[in-house]
Amino acid sequence: MFGYIKPCRAELKVKEFEAYRGVYCGLCRRIGKEYGLLARCTLSYDYAFLALLQLTVQKAECAFTACRCIAHPTRKRCCLKDTDALSFTAAAAMLMLSQKAKDRKRDDGIRGRFFAGVTGPYFRRLHKKAAARFPKLAEHCEKIMPMQWEAEAKPDCTPDEAAHPTADTLGKILSELSEDETERRILYRLGYCMGRWIYFMDALDDLETDKKRDRFNPLLLRFGTDEEKCRDYAVELLHQSDAEAAAAYELLDAGNFSPVLENIIYLGMKQEQNRLLDRKKECRA
């Protein structure tokens, strides 16, 4: 994932933000415990959302403590106490990281191949370790890039077809959070819509770079060099995906972290979308 799933901090209560930051820090420490110190540097906000959702869906008992870390050595911060529940999210982060590295190797030419050559052995080790712990999760993640490359190879690939691999993979990851069949379907739909939103955010974010480097972008494939049409259509797709994700989330039972999750889905995603659009306007000015 890409780091777009963030809360709207201004609308969170202090205790809610502390809980969010505590889960983020707890996940960071869990990744370090299971995959090493360097792996902690790869953590993004998207996985904090996944951890919060998992803890909420599974009604996990959570306890917080004050702790220090390398990033904040002088001041103790709220941190979720170590729990095995975070192992799933930690594994998902490592598995998706290895897939993102494959995509970078394919898309970034010489730089991508150099990056893959330097980091490839490390990412493969992380992938192997995570896959051994969660084979079903690894099976879902390993399909994303073949599906993506197949879609991109189609000369008439539509934006929906291009977004499907990311959306489907995230949907399947979220569906693994529950054993109840009805809840699994709801989680899949939530993950699918959020994955679709993430993909279109990334496509819009990379619009100018992809155009300059002649890389695949479903918006450019549909509208050519007309960036204004690309942006307008991307906004439509983002609003649609955001609304459908919210509708799916409303079908889930509330839990301990529901206020934070609601903030992310109803406010945070829109805020990140507006930030991206504002940045695009500043670049054009």
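The values are calculated or read from the model by the stated rules, or taken from the named source; none is laboratory data. Worth saying up front: this structure is predicted, and the values here are computed from it rather than measured. Cβ atoms come from the backbone with ideal geometry, glycine included; neighbour counts cover every protein chain shown.
Things worth noting here:
- If the condition is being out of contact with any Asp or Glu (no Cβ under 8 Å at 6 or more places or on another chain) and in contact (Cβ under 8 Å) with a residue 60 or more places away in the chain, then segment 240-252 contributes 248, 251.
- Within segment 1-53, the only residue that satisfies the criterion of being touching a Leu at 6+ places or on another chain (Cβ under 8 Å), buried (at least 16 other Cβ atoms within 10 Å of the Cβ), at pLDDT 95 or above and not in a helix (DSSP H, G or I) is 7.
- Evaluation of residue 191 against (1) buried (at least 18 other Cβ atoms within 10 Å of the Cβ); (2) over 24 Å from residue 268 (Cα atoms) (one fails), failing number: (2)
- Within this structure, residue 84 passes the test of being surrounded by fewer than 20 Cβ atoms within 10 Å (Cβ to Cβ) and over 30 Å from residue 148 (Cβ atoms).
- Residue within segment 243-251 that is hydroxyl-bearing (Ser, Thr, Tyr), out of contact with any helix residue (DSSP H, G or I) (no Cβ under 6 Å at 6 or more places or on another chain) and either surrounded by 15 or more Cβ atoms within 10 Å (Cβ to Cβ) or closer than 15 Å to residue 4 by Cα (or both) present: no
- Test: residue in segment 188-196 that is modelled with pLDDT of 95 or more, over 22 Å from the mean Cα position of the chain (by Cα) and under 27 Å from residue 49 (Cβ atoms): no
- The set of residues from segment 177-188 being of a type outside the set (Gly, Ala, Ser) and surrounded by fewer than 19 Cβ atoms within 10 Å (Cβ to Cβ) comprises 179, 180, 181, 182, 183, 184, 185.
- Considering 78, 67, the condition of being in contact (Cβ under 8 Å) with a residue 60 or more places away in the chain, surrounded by fewer than 20 Cβ atoms within 10 Å (Cβ to Cβ) and in contact with a strand residue (DSSP E or B) (Cβ under 7 Å, 6 or more places away or on another chain) is satisfied by 78 alone.
- Residue count for segment 69-79, restricted to those that are among the basic types (Lys, Arg) and within 26 Å of the chain's Cα centre (by Cα): 1
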